[in-house]
Amino acid sequence: MTVKSMAPVPVSDEDVPLVTLSDPQLSLDELVLTDQSITALREILNEQRHASRLAAYGLRPRSKLLLAGPSGTGKTRTAEALAYALGIPLLKVRLSAVVSSYLGQTARHLERILAYSESGRWVVSFDEIDMFAGEREDSDHGEMRRVSTVLLQQLEEYKADNLVIATTNHGTSLDAAMWRRFDEVLTYRHPTQAQISALLEIKLRRFPYKVNKEQVSRSLSGMSHAEIEAVCLDVMRKSVLAGAKSIRTEDIVESAATRKKRYKEAGKSQG
Ligand SMILES: Nc1ncnc2c1ncn2[C@@H]1O[C@H](COP(=O)(O)OP(=O)(O)OP(=O)(O)O)[C@@H](O)[C@H]1O
Ligand SMILES: [Mg+2]
């Protein structure tokens, strides 16, 4: 890892690191997203790269981004790809270390992180903010709302032009106050038939395959990108061990059915 940083990373009152730094190597081209998301992400990258040109006209790049959508659709990976595209490290907030049972302590932790992040140029990610923001039914509801208010206030006052990315599985249940604080909200979904085809080309590209694209895409419909990736890995492993020359339609259809069944039994699939 080539991450360098001047100051030691901020720690919680219990001395637990509040962030992790990494240097992701993932191109945006590796992700299959909606045209709408891709366009927005490319525009945002362009604004980030030309922040000083915007500043000359009193404008700022869009810098607070919320990615909302079901599990396994590329939200975490998008934050990594944006850091890579900008050539800067990813500073990932460890929410589990940030949130304490004392609101004042949580606020102090957030303050430390944001102050630290202003000392450098990174993509700052608040991954899975649901623990802050979602509509919760448990008795912590009131407390969580107060915590999320603190986060929103601090984000509002955040003046650095660093790209801040928050992700959530429950976009629709986030309250309006949360949405308003972001410059852009991108919705992630399970892939369409065309997107499944594009995903297969990426995930199977190291392997010869000759399949009926329509049939294969149909067999994978309703699955998340991550679940489809898992099917591709199953099929590639099997083919290698069977000494097969190429992947066939029925290999994928069969593996898709097995995975779907398993996810259904585990109650995991959102499809
Ligand atoms: N849109 C996508 N295009 C290509 N691959 C994807 C995409 N989405 C997910 N994947 C694959 O699935 C894996 C999981 O993706 P990721 O962690 O970004 O999902 P997520 O949306 O953050 O899910 P969660 O909400 O559970 O955190 C990744 O390693 C990636 O290889
Ligand atoms: Mg994620």
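Things worth noting here:
- Residue ID - farthest from E227 (Cα to Cα), chosen from residues in region 89-107 that are surrounded by fewer than 18 Cβ atoms within 10 Å (Cβ to Cβ) and away from ligand 2 (no atom under 16 Å from the Cβ): G104
- Elements of type strands (runs of 3 or more DSSP E) in region 108-198, at least 2 residues being crowded, with 16+ Cβ neighbours inside 10 Å and modelled with pLDDT under 85: none
- Residues in region 230-240 that are at pLDDT 95 or above and among the aliphatic types (A, V, I, L, M): A230, V231, L233, V235, M236.
- Hey, V211 modelled with pLDDT under 95 and surrounded by 14 or more Cβ atoms within 10 Å (Cβ to Cβ) or not: yes
- Among the residues of region 108-127, those that are of a type outside the set (A, V, I, L, M) and within 16 Å of ligand 2 (Cβ to nearest atom) comprise S125, F126, D127.
- For region 220-267, the tally of residues that are surrounded by 13 or more Cβ atoms within 10 Å (Cβ to Cβ) and outside any helix (DSSP H, G or I) stands at 8.
- Within region 63-74, the set of residues being of a type in the set (S, T, Y) and away from ligand 2 (no atom under 11 Å from the Cβ) comprises just one member, S63.
- Scanning region 147-157 for residues that are touching a Lys or Arg at 6+ places or on another chain (Cβ under 8 Å) and either under 19 Å from R121 (Cβ atoms) or of a type in the set (D, E) (or both) gives L155, E156.
- From R60, R77, residue being within 24 Å of I113 (Cα to Cα), of a type in the set (D, E, K, R) and within 16 Å of ligand 2 (Cβ to nearest atom): R77
- Test set (1) under 23 Å from L28 (Cα atoms); (2) more than 23 Å from the chain's Cα centre (by Cα); (3) modelled with pLDDT of 95 or more - R206 fails condition number: (3)
The values are calculated or read from the model by the stated rules, or taken from the named source; none is laboratory data. Since we're looking at a predicted model, the values are computed, not measured. Every residue, glycine as well, gets a Cβ built from its backbone with ideal geometry; the counts of neighbours run over all protein chains shown.
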